[in-house]
1. Go over the candidates GLY55, GLY77 one by one and state the one that is closer than 24 Å to VAL22 by Cα, in contact with a Phe, Trp or Tyr (Cβ under 7 Å, 6 or more places away or on another chain) and surrounded by fewer than 18 Cβ atoms within 10 Å (Cβ to Cβ).
2. What is the residue count in segment 55-86 for residues that are of a type in the set (Ser, Thr, Tyr) and away from the ligand (no atom under 15 Å from the Cβ)?
3. Kindly indicate the residue of segment 87-114 that is in contact (Cβ under 8 Å) with a residue 60 or more places away in the chain and within 16 Å of the ligand (Cβ to nearest atom) and also surrounded by the most Cβ atoms within 10 Å (Cβ to Cβ) among those meeting that condition.
4. Scan ALA127, ALA117, ALA123 and give me the residue that is at pLDDT 95 or above, crowded, with 23+ Cβ neighbours inside 10 Å and touching a Ser or Thr at 6+ places or on another chain (Cβ under 6 Å).
5. Filter segment 26-54 for residues that are away from the ligand (no atom under 16 Å from the Cβ) and outside any strand (DSSP E or B) and give the result.
6. Would you say ILE84 is modelled with pLDDT of 95 or more and surrounded by fewer than 21 Cβ atoms within 10 Å (Cβ to Cβ)?
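The values are calculated or read from the model by the stated rules, or taken from the named source; none is laboratory data. Worth saying up front: this structure is predicted, and the values here are computed from it rather than measured. Methodologically, a virtual Cβ is constructed for each residue, glycine included, from the backbone with ideal geometry; neighbour enumeration extends over all protein chains shown.
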Amino acid sequence: MVFQVFSQMDTGGVAVLKKGRVLMIALACDHGGFVLMGKVKSYLDACNLEYEDFGTYSDESSDYPEFAIRAARAVAGGECERGILICGTGIGMSIAANKIPGIRAALCSNCFMAEMARRHNDANVLALGARVIDTGLALSIIELFLNTGFDAGGRHSRRVGMLNDLDRNRG
Ligand code: RB5
């Protein structure tokens with residue numbers, strides 16, 4: 001698996017490098033996403049992709065906003081290039097992440113949504129529902145999310161710019 005999108009965007013060279021360092025993916029889940037997150041980490045390991053795991057670290061009941069916000073802040077702050085968040089439905093994780101200025105979190109339950117989230121919305125965070133989709137589909141969605149570029153220029157850039165304006169005007 002070659003993750004082309006980052007090399008196209010940033011280096012023109014090695015796929016996992018950005019700005020002279022290894023591309024970093026922020027991960028977060030709650031208890032509902034814990035088992036699937038383990039499989040996602042194995043997949044990322046197999047792809048030689050680096051990640052930072054912001055928890056949770058067990059299947060004990062936990063509060064999704066705590067972990068979503070940690071990962072979202074890492075993406076918004078530039079410490080990580082992308083985020084992958086998993087809870088039972090993906091809904092709580094996506095709502096929480098989208099509270100952080102600079103985050104465009106997309107809850108995707110099929111491959112079309114993942115492709116469009118990147119091409120049209122320049123989504124920087126992917127939210128998944130472990131109780132909604134199976135592991136195989138989750139990994140396919142992740143592959144597309146990481147491999148698809150933004151259709152920059154024209155109407156999509158204008159619309160993402162409007163989202164950025166909303167962020168700037170937040171209290
Ligand atoms: C936890 O039971 C569940 O509510 C959580 O994982 C998530 O689905 C919330 O949106």
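1. Testing whether each residue is closer than 24 Å to VAL22 by Cα, in contact with a Phe, Trp or Tyr (Cβ under 7 Å, 6 or more places away or on another chain) and surrounded by fewer than 18 Cβ atoms within 10 Å (Cβ to Cβ) leaves just GLY55.
2. Total satisfying the criteria: 1.
3. MET93
4. Sole residue among the options that is at pLDDT 95 or above, crowded, with 23+ Cβ neighbours inside 10 Å and touching a Ser or Thr at 6+ places or on another chain (Cβ under 6 Å): ALA127.
5. Pass one, segment 26-54, residues away from the ligand (no atom under 16 Å from the Cβ): 26, 39, 41-53.
Selection gives LYS39, LYS41, SER42, TYR43, LEU44, ASP45, ALA46, CYS47, ASN48, LEU49.
6. Here the answer is no, as ILE84 does not meet what is asked.
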